[in-house]
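Trainee: Okay, handing you the structure first.
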Amino acid sequence: MEMRRLGSRGPSLPVVGMGTWKTFDVRGDPAERVRHQLVSEALRAGTRLFDSSPMYGEAERVLGEALGHHRKEAFVATKVWAKVEGERDEQIASALRFFQGQVDLYQIHNLSRQAEVLPKLLELRSTGQVSWVGATHYRREAFGDLADLMSSGKIDTVQVPYNARDREAADRLLPLAEELGLGVLVMKPLGTGDLLHQVPPRDLMERLRPKGVATWAQVLLKWVLSDPRVDVVLPATSVVGRPTENAASGSPPWFDEEEREAVSRVFSKPAQASS
Ligand SMILES: NC(=O)c1ccc[n+]([C@@H]2O[C@H](COP(=O)([O-])OP(=O)(O)OC[C@H]3O[C@@H](n4cnc5c(N)ncnc54)[C@H](OP(=O)(O)O)[C@@H]3O)[C@@H](O)[C@H]2O)c1
C-alpha cells in the first residue's frame, strides 16, 4: 500500500485507514470477537491508522482491546466530543487508558467546545502523551470555523467528508490544508455506505479494472485517494474480508481526472436499487 506523509510535519502512513463509527459500537461476544478479527485483518493488510471517538459508544474501548499487544503497530486517531464541562477530562482519561497511555492524533470532534478542548490537547501534545492535534467537522455550515482553526497554526491535521458525490469540503478546505501543510483525513469516503447502493455501469468497471480495482467499494476509495491532497481515507466496515478489500484500493496506479469524472457522473443519475 502507498505511504503518504500526514501533512508536511507528520509521519508517513499507509493511505487506507479504518473508521469505527457504528461498526465498533458493540458489546459482548461474538460481536467483539469479530472486531478483533477486523483489526487483525486490517493490520495484516497494511492499515495502520484507526479513527474513533467517544461519540461512537463502545468503539474506543473495543478498538483498544482489539489492538492489544499490537498497539505500537497502530496509529490511533481519536477525538474529544465534550458536550458539558468535565466531559473533556473524563474522555481523555478513558482514551489514554484504552490506548495504553498514548493517543497518536487527538482531534476536536465537530469543533465541540473547542475553546476548552484545544488548550488541553495542545498541553498533552507538549508533554508527549499526544503526538498530533487535529479537528473534524462534517457539516458545510462549519467549514468556515474549521478554516479559521486551520489558519491559527495550532493544529496538525483536519478531517472532512469527501467522496465521489460530495466535493464541497475538498473544494473549500483542501487548498488551505495544502498551503498550510496540514494532514488530511477523509471521513465518509463511501458516503456512510449510501454510495454503494448505486450500481455502477458494467462498462465503467471494465474501463477501471486496469487500475487494480475489482469492486465498486474499491473504485470509490481509489477515487478519493487519487486526489494527492488526501493523506488517509477512513472506510468503516463490520464485515470480515472487507478490510483487505478496502486496503487493496490504496496502491497506484491512481485514476486520472477523466476517470474520476466518469465515476462522479454515476451519482448525477437517479439511484438504482441494488439487489
Ligand atoms: N465528524 C466526524 O468526525 C466524523 C463523521 C463521520 C465519520 N467519521 C469517521 O469516518 C469514518 C468513515 O465514515 P463512515 O463510517 O460515515 O462511512 P463510510 O466509511 O463512508 O461507509 C461505511 C459503510 O460502508 C460499508 N462498507 C465498507 N467497506 C465496504 C466494502 N468493501 N463493500 C461494501 N460495503 C462496505 C460499511 O458496511 P459494512 O459494515 O456492512 O461493511 C458501512 O455501512 C467513520 O467510521 C469515522 O471514523 C468522522
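The values are calculated or read from the model by the stated rules, or taken from the named source; none is laboratory data. Quick caveat, the model's predicted, so the values are computed rather than measured. Ideal geometry is used to build each Cβ from the backbone, glycine not excepted, and the neighbour counts take in all protein chains shown.
Trainee: Determine whether GLU32 is modelled with pLDDT of 95 or more, of a type outside the set (Gly, Ala, Ser), within 16 Å of the ligand (Cβ to nearest atom) and more than 16 Å from the chain's Cα centre (by Cα).
Mentor: Details: modelled with pLDDT of 95 or more: yes; of a type outside the set (Gly, Ala, Ser): yes; within 16 Å of the ligand (Cβ to nearest atom): yes; more than 16 Å from the chain's Cα centre (by Cα): yes.
Against the criterion (modelled with pLDDT of 95 or more, of a type outside the set (Gly, Ala, Ser), within 16 Å of the ligand (Cβ to nearest atom) and more than 16 Å from the chain's Cα centre (by Cα)), GLU32 qualifies.
Trainee: While we're here: Find the residue count for the range 144-168, including only residues that are closer than 26 Å to VAL76 by Cβ and within 11 Å of the ligand (Cβ to nearest atom).
Mentor: Residues that pass the stated criteria total 7.
Trainee: Hey, can you tell me all the residues within the range 129-143 that are under 21 Å from SER8 (Cα atoms), of a type in the set (Gly, Ala, Ser) and within 14 Å of the ligand (Cβ to nearest atom)?
Mentor: Of everything in the range 129-143, those that are under 21 Å from SER8 (Cα atoms), of a type in the set (Gly, Ala, Ser) and within 14 Å of the ligand (Cβ to nearest atom) turn out to be GLY134, ALA135.
Trainee: Run GLY241 past the list (1) over 15 Å from the mean Cα position of the chain (by Cα); (2) of a type outside the set (Lys, Arg); (3) more than 23 Å from ARG48 (Cβ to Cβ) and report the number of the one that doesn't hold.
Mentor: Evaluating GLY241 over (1) over 15 Å from the mean Cα position of the chain (by Cα); (2) of a type outside the set (Lys, Arg); (3) more than 23 Å from ARG48 (Cβ to Cβ) leaves (3) as the failure.
Trainee: Quick one: in the range 38-53, which of the residues that are near the ligand (Cβ under 9 Å from one of its atoms) and not hydrophobic (A, V, I, L, M, F, W, C) is nearest to LEU13 (Cα to Cα)?
Mentor: The extreme case among them is ASP51.
Trainee: I've got another one for you. Only one of GLU60, GLU87 is charged (D, E, K, R), buried (at least 20 other Cβ atoms within 10 Å of the Cβ) and over 14 Å from the mean Cα position of the chain (by Cα). Can you tell me which?
Mentor: GLU60
Trainee: Let me ask something else. Only helices (runs of 4 or more DSSP H) wholly contained in the range 195-275 count here; list those with 3 or more residues that are of a type in the set (A, V, I, L, M).
Mentor: 202-208, 216-225
Trainee: Something else: Of the residues that sit in the range 187-224 and are of a type in the set (D, E, K, R) and surrounded by 15 or more Cβ atoms within 10 Å (Cβ to Cβ), which one is nearest to the ligand (Cβ to nearest atom)?
Mentor: LYS188
Trainee: Out of everything in the range 63-81 that is over 25 Å from PRO30 (Cα atoms) and either modelled with pLDDT under 95 or surrounded by 24 or more Cβ atoms within 10 Å (Cβ to Cβ) (or both), what residue ends up being nearest to the ligand (Cβ to nearest atom)?
Mentor: Only one residue fits best here, namely LYS79.
Trainee: The conditions are (1) closer than 18 Å to GLU60 by Cβ; (2) under 19 Å from the mean Cα position of the chain (by Cα), and LEU121 fails exactly one of them. Which is it?
Mentor: Failing condition for LEU121: (2).
Trainee: Out of the residues in the range 154-186 meeting the condition of being surrounded by fewer than 23 Cβ atoms within 10 Å (Cβ to Cβ) and part of a strand (DSSP E or B), tell me which one is farthest from the chain's Cα centre (by Cα).
Mentor: Restricting to residues being surrounded by fewer than 23 Cβ atoms within 10 Å (Cβ to Cβ) and part of a strand (DSSP E or B), the top hit is ASP166.
Trainee: From the list LEU190, LEU146, which residue is more than 15 Å from the chain's Cα centre (by Cα) and not basic (Lys, Arg)?
Mentor: LEU146
Trainee: Filter the range 225-244 down to residues that are β-branched (Val, Ile, Thr) and more than 15 Å from MET1 (Cα to Cα) and give me whichever is surrounded by the most Cβ atoms within 10 Å (Cβ to Cβ).
Mentor: Here the residue is THR237.
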